[in-house]
Amino acid sequence: MELTTLDWAIVAGYFALALGIGLWASRDAGKSAKSFFLAGRNMPWWLLGISMVATTFSTDTPNLVTGLVREQGVSGNWGWWAFLLTGMLTAFVYAKLWHRSGVLTDIEFYELRYGGKPAAVLRGFRALYLGLVFNVLVMGTVSLAAIKLGGILMGWPGWLTLTITGLITLSYSALGGLRAVILTDLVQFVLAMIGSIWACVYILDLEAIGGLSQLLAHSEVATKTAMLPDMHDASQWVPILLVPLAVQWWASYYPGAEPGGGGYIAQRMFSAKDESHAMGATLLFNVAHYALRPWPWILIALASIVVFPELSDLQAAFPDIPADKLGHDLAYPAMLSLLPPGLLGLVAASLLAAFMSTMSTQLNLGASYLVNDFWVRFIRPDATDREQVAAGRVTTILSLILGSGLGLLLTDAGQAFNLLLLIGAGTGGLFILRWFWWRINAWTELVAMAGSLLVAGYFTFVHDHITDTVWASYEKLVWGALITTLIWIIGTWLTPPESEDTLRRFVAKVQPGGPGWKRYSDGVQTGSGWAVPRGVLSMLIGSAGVYAALFAVGSWLYDDRTTAWLLSGVVVISVVTIVRLNRPRA
């Protein structure tokens, strides 16, 4: 398989378009730090929602889904489907609170919610930890997927793939800031949806597959199609369904699904025109990410079981792929190599665009942390806007080099996914409760971070070597979450609370409401009462509706029309109820 001139022209056309957007957006990006990092705080909900979806879909996403389907079946996707609960809670409860805070980054929030030297230390540490360590790990993960994509579809070595895409990404993200990132995300989303759906249709029509009905009837595929695990087998439903829904969604800090909102999701909410646009953007993101996008990837993953049933088949088909990069997640780009000229170029461009979208977001977000929350806060507090933008461009270059270098060292998409989950396990409850419980303080967060890193390090590098039993990743996640949660709860009660002035200032600014702030909210609260109970109810109904939509699509594809109609009815009822619950009140 080789790309034709038409394919290369399509790929080059996208590269040129991305650069053009960066040059156009650079006219305003350099005016101020707010323009560079938050696009001027005037972005509409639909554009921000699409940007969130595009950023969450990187080149590693379909690879990860493919690996899960091939190894665990369709139900294996509950490992990330469960994060819908986090996203809907953010949409209906936290989006408005984040926008009211008025901060430039979610790390700046620390010195709004907390006070004194502990808050400053926390802000500085989190800026370096998230801006360098965590951010680089995320970029390394998506760089790994880009390496595999470039190796199969284009025949490029990993360093060449990352050099070409990295230079283009660096150009438009450093020139145009967040505005350029968001606009290129729109192009990427359109390309990705067209490419994935068209590729799926073509692959299903291949002679080796014989259409959707024949694929689903295949003996090896039929055992993988269930959307729920075997509920009679605890070894399946406990790790696949119970742990993600009972623990993982609220306990783990994962990019794009941070409990209480955070990261690039918070950055998009900060850049919205107002609270309603912040909420609308987050809601659109969750609907599109979980209900609209997964099925083309899933069907291609199922088809790969027919074409490349074993890893040895992948190795035989692509002998130039290094042995340390060979995994089930490689089956997705392998299937794309079967596409015809033109369509292959479109899909290759869409996947490279997906990679560049995620990288550009992480670069801009990491730069905002390092510049706003470390350099300006502790080293150059009197820096001008021009100097802050220049510093942002320098840190963007540094982050790209580190993230790309790590991508050359990693081997499997699931490897980094599980590590990210484990590192943040147990801190999620803190990120949710700090908005509503006055007793949580800066020391709580410092203790939680230290605890989670120590616990993750123990379970990753020590536990299996000093005990007789090797724990599964879900067992480590549960125990890690429980131990870390216990550590920060004890730490909260052993450390002094924040000052009354700090807490009153926070309540006056954000207006979180509820019994946890009663003693500090006299004369502050406005509106028609505490909105959180209604928000939680909306989150539950909204989650049910999105899951119903996800499974309704699957039921239509599986030709289970009775179930499909019932689930479609649930979707309609959920939408009507959500609209009524969130109708503006006089």
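The values are calculated or read from the model by the stated rules, or taken from the named source; none is laboratory data. Given the structure is predicted, the values throughout are model-derived calculations rather than measurements. Heads up, the Cβs are rebuilt from the backbone with ideal geometry, glycines too, and the neighbour counts pull from every protein chain shown. These accessible areas exclude ligands, DNA and RNA; they are computed on the full protein's heavy atoms, side chains included. Shrake-Rupley method; radii C 1.70, N 1.55, O 1.52, S 1.80 Å.
Condition check: buried (at least 23 other Cβ atoms within 10 Å of the Cβ), modelled with pLDDT of 85 or more and not polar (S, T, N, Q). Does GLY195 satisfy that? For GLY195, the condition - buried (at least 23 other Cβ atoms within 10 Å of the Cβ), modelled with pLDDT of 85 or more and not polar (S, T, N, Q) - is met. Could you tell me whether the range 285-296 includes any residue that is open to solvent by 20 Å² or more (accessible area, probe 1.4 Å), at pLDDT 90 or above, in contact with a Lys or Arg (Cβ under 7 Å, 6 or more places away or on another chain) and of a type in the set (A, V, I, L, M)? Among the residues of the range 285-296, not one is open to solvent by 20 Å² or more (accessible area, probe 1.4 Å), at pLDDT 90 or above, in contact with a Lys or Arg (Cβ under 7 Å, 6 or more places away or on another chain) and of a type in the set (A, V, I, L, M), which makes the answer no. The set of residues in the range 153-202 that are free of Cβ contacts under 8 Å to residues at least 40 places away in the same chain and closer than 21 Å to PRO294 by Cβ comprises VAL190, VAL201. Scan the range 15-44 for residues that are modelled with pLDDT of 85 or more and crowded, with 22+ Cβ neighbours inside 10 Å and the total you get is 1. Taken over the range 42-70, the residue count meeting the criterion of being farther than 22 Å from ILE147 by Cα and acidic (Asp, Glu) is 0. Within the range 471-523, the only residue that satisfies the criterion of being under 22 Å from SER452 (Cα atoms), surrounded by 17 or more Cβ atoms within 10 Å (Cβ to Cβ) and charged (D, E, K, R) is LYS476. Reported count of residues in the range 533-576, each being in contact (Cβ under 8 Å) with a residue 60 or more places away in the chain and among the acidic types (Asp, Glu), is 1. Look through the range 2-14, keep the residues that are assigned to a loop (DSSP other than H, G, I, E, B) and not charged (D, E, K, R), and return whichever of them is modelled with the lowest pLDDT. Ranking the candidates gives LEU3 first. Every test in (1) over 30 Å from SER304 (Cβ atoms); (2) among the β-branched types (Val, Ile, Thr); (3) out of contact with any helix residue (DSSP H, G or I) (no Cβ under 8 Å at 6 or more places or on another chain) is passed by VAL201 save one, and that test is (1).
The helices (runs of 4 or more DSSP H) found entirely in the range 74-163 that carry 2 or more residues being of a type in the set (Gly, Ala, Ser) and open to solvent by 10 Å² or more (accessible area, probe 1.4 Å) are 116-128.
The residue that is most open to solvent (accessible area, probe 1.4 Å), among those in the range 304-315 that are over 17 Å from LEU215 (Cα atoms) and of a type in the set (S, T, N, Q), is GLN315. If you check ASP185, ASP205 for being within 25 Å of the chain's Cα centre (by Cα) and either open to solvent by 40 Å² or more (accessible area, probe 1.4 Å) or not hydrophobic (A, V, I, L, M, F, W, C) (or both), only one passes: ASP185.
The condition of being closer than 30 Å to LEU406 by Cα, free of Cβ contacts under 8 Å to residues at least 40 places away in the same chain and under 18 Å from the mean Cα position of the chain (by Cα) holds for only one of VAL138, VAL133, that being VAL133. One residue alone among MET279, MET269 is at pLDDT 90 or above and in contact with a His (Cβ under 7 Å, 6 or more places away or on another chain), and that residue is MET269. Of the set (1) of a type outside the set (A, V, I, L, M); (2) over 28 Å from the mean Cα position of the chain (by Cα); (3) closer than 23 Å to GLY260 by Cβ; (4) assigned to a helix (DSSP H, G or I), all apply to ASP501 but (3).
Considering the range 46-72, and only residues there that are buried (at least 22 other Cβ atoms within 10 Å of the Cβ) and over 18 Å from the mean Cα position of the chain (by Cα), the residue that is nearest to PHE285 (Cα to Cα) turns out to be VAL69. Take the conditions (1) within 30 Å of VAL221 (Cα to Cα); (2) open to solvent by 10 Å² or more (accessible area, probe 1.4 Å); ALA301 misses just one of them, which is (2).
For (1) crowded, with 24+ Cβ neighbours inside 10 Å; (2) touching an Asp or Glu at 6+ places or on another chain (Cβ under 8 Å); (3) closer than 17 Å to TYR202 by Cα, each residue gets a yes or a no:
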{"residue": "LEU330", "(1), (2), (3)": "yes, no, no"}
{"residue": "PRO333", "(1), (2), (3)": "yes, no, yes"}
{"residue": "LEU338", "(1), (2), (3)": "no, no, yes"}
{"residue": "GLY342", "(1), (2), (3)": "no, yes, yes"}
{"residue": "SER350", "(1), (2), (3)": "yes, no, yes"}
{"residue": "ALA354", "(1), (2), (3)": "yes, no, no"}
{"residue": "GLY366", "(1), (2), (3)": "yes, no, no"}
{"residue": "TYR369", "(1), (2), (3)": "yes, no, no"}
{"residue": "PHE374", "(1), (2), (3)": "no, no, no"}
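The set of residues in the range 434-464 being in contact with a Lys or Arg (Cβ under 6 Å, 6 or more places away or on another chain) and either in a loop (DSSP other than H, G, I, E, B) or within 21 Å of GLY516 (Cα to Cα) (or both) consists of ILE440 alone. Among the residues of the range 22-73, those that are assigned to a helix (DSSP H, G or I), at positive phi and small (Gly, Ala, Ser) comprise ALA39, GLY40. Exactly one residue out of ILE203, ILE240 is modelled with pLDDT of 90 or more and within 20 Å of PRO333 (Cβ to Cβ), and it is ILE203.
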